[in-house]
1. Take the residues of the range 158-169 that are touching a residue at least 60 places away in the same chain (Cβ under 8 Å) and surrounded by 21 or more Cβ atoms within 10 Å (Cβ to Cβ): which is farthest from VAL238 (Cα to Cα)?
2. Taking the range 132-142, which residues are assigned to a loop (DSSP other than H, G, I, E, B) and either touching a Ser or Thr at 6+ places or on another chain (Cβ under 7 Å) or modelled with pLDDT of 90 or more (or both)?
3. State whether one or more residues within the range 191-198 are farther than 18 Å from HIS219 by Cβ, of a type in the set (A, V, I, L, M) and surrounded by fewer than 15 Cβ atoms within 10 Å (Cβ to Cβ).
4. Among the residues of the range 216-226, is any among the charged types (D, E, K, R) and buried (at least 18 other Cβ atoms within 10 Å of the Cβ)?
5. Going by what's in this entry, would PHE90 be described as surrounded by fewer than 19 Cβ atoms within 10 Å (Cβ to Cβ) and at pLDDT below 90?
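The values are calculated or read from the model by the stated rules, or taken from the named source; none is laboratory data. Note that this is a predicted model, so its numbers are computed, not measured. Glycine also receives a Cβ, built like all others from the backbone with ideal geometry; neighbour counts cover every protein chain displayed.
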Amino acid sequence: MTGMSLVAQGMDHEAELDLTRHEWPDAVRFIPYWGDLYWDGLDGERVLLLGESHYRKEGWSDSLEVTRPFTQDHFREMALPVRKDGDGPFFKALDLVLVGQQDFDLHEAADYWKRVAFMNLSQSLAGSQANHRPRNEALRDGSDVFVRDILPVLQPTVVLVLGRVTWRLLSHGKVEPALEPFIARQVNRGKSKRRYIESREIWSLDYPGGKALMTWVYHPSWHVDTWQDRAAALRHLVALSKKNCSHHLASIV
C-alpha cells in the first residue's frame with residue numbers, strides 16, 4: 001500500500017470488548033463508527049476523523065432511536081468493497097484521505113476504513129441539506145461531549161478535524177509549538193483571490209486515560225484543500241504521534 005502501511009499493533013482483547021459493549025450516556029446522540037480493526041490502527045496509531053454534523057431527512061426526529069445508529073450504519077458501508085450509487089463526493093474525499101493515492105480500488109479503501117473511527121462533532125441534526133450548517137452552540141456543546149464521553153472510550157492517538165469551523169469551535173486542547181506544523185502546500189493554487197491558511201498548528205488533546213495529537217483541514221465540501229494536502233495532513237499527524245511515542249518510551253528506559 002502507498003503512503004501509510006497497515007501495521008497491526010493492537011491493544012488487548014479485553015479493551016476491544018469494552019468498546020463494543022460500552023453503554024453510552026444520553027448526551028452521545030450519535031454513536032461513533034469504528035472499524036473492526038480499529039485497535040490495530042494505521043501504523044499502530046488509532047485514528048479518528050472528526051467531521052461537523054449530520055443533516056436530517058424529511059420526517060426525521062431527534063429521538064435516540066433515529067440518531068444513535070446513524071453514524072455506524074452509514075460508515076460500516078465504507079468498510080465494504082461495494083458502495084451505494086448515492087454516495088456523494090464527500091465520501092470519495094474521505095477515501096482519498098485514508099488511501100493517499102488517486103487510483104485505488106474499493107477493496108483497498110475498505111481495508112483502511114476497518115482501521116479508523118469517524119464521528120461528527122455536533123450531537124444534533126443540522127438542516128435538511130448537506131450544505132446546511134449546524135448552530136455554533138451545537139458544535140460547542142458537542143465538544144464537551146466529545147472530550148468527556150467519547151474520547152475516553154475510543155482512545156485515539158490522532159484526530160484529524162475536517163473543517164476549520166469545527167476546529168475553531170472545538171474548545172479543548174492546547175497548541176504544541178515545538179511540533180512541526182502541517183503545511184498545506186497546494187491550498188492557494190486555485191483561481192480564488194482569497195488567501196487561505198497554509199500552516200496548520202499541531203495541538204495536543206488530553207482526555208481521561210489518554211492523549212491525542214490533532215490538526216485540521218478545510219472541510220472537503222469546500223474544495224479548498226486538495227486531496228493530496230488532506231491525505232498529507234493525516235500522515236503528518238501519524239508520523240508525529242509515532243515519533244512522540246518513541247521519544248516517550250526512550251525517556252522511560
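1. Ranking the qualifying residues of the range 158-169, first place goes to THR166.
2. Correct list: PRO134 only.
3. Of all residues in the range 191-198, those farther than 18 Å from HIS219 by Cβ come to 191, 193.
Next, from what is left, pick out any that are of a type in the set (A, V, I, L, M): none.
Among the residues of the range 191-198, not one is farther than 18 Å from HIS219 by Cβ, of a type in the set (A, V, I, L, M) and surrounded by fewer than 15 Cβ atoms within 10 Å (Cβ to Cβ), which makes the answer no.
4. Scanning the range 216-226 turns up at least one residue that is among the charged types (D, E, K, R) and buried (at least 18 other Cβ atoms within 10 Å of the Cβ).
5. Values: surrounded by fewer than 19 Cβ atoms within 10 Å (Cβ to Cβ): yes; at pLDDT below 90: yes.
Judged against the criteria, PHE90 is a match.
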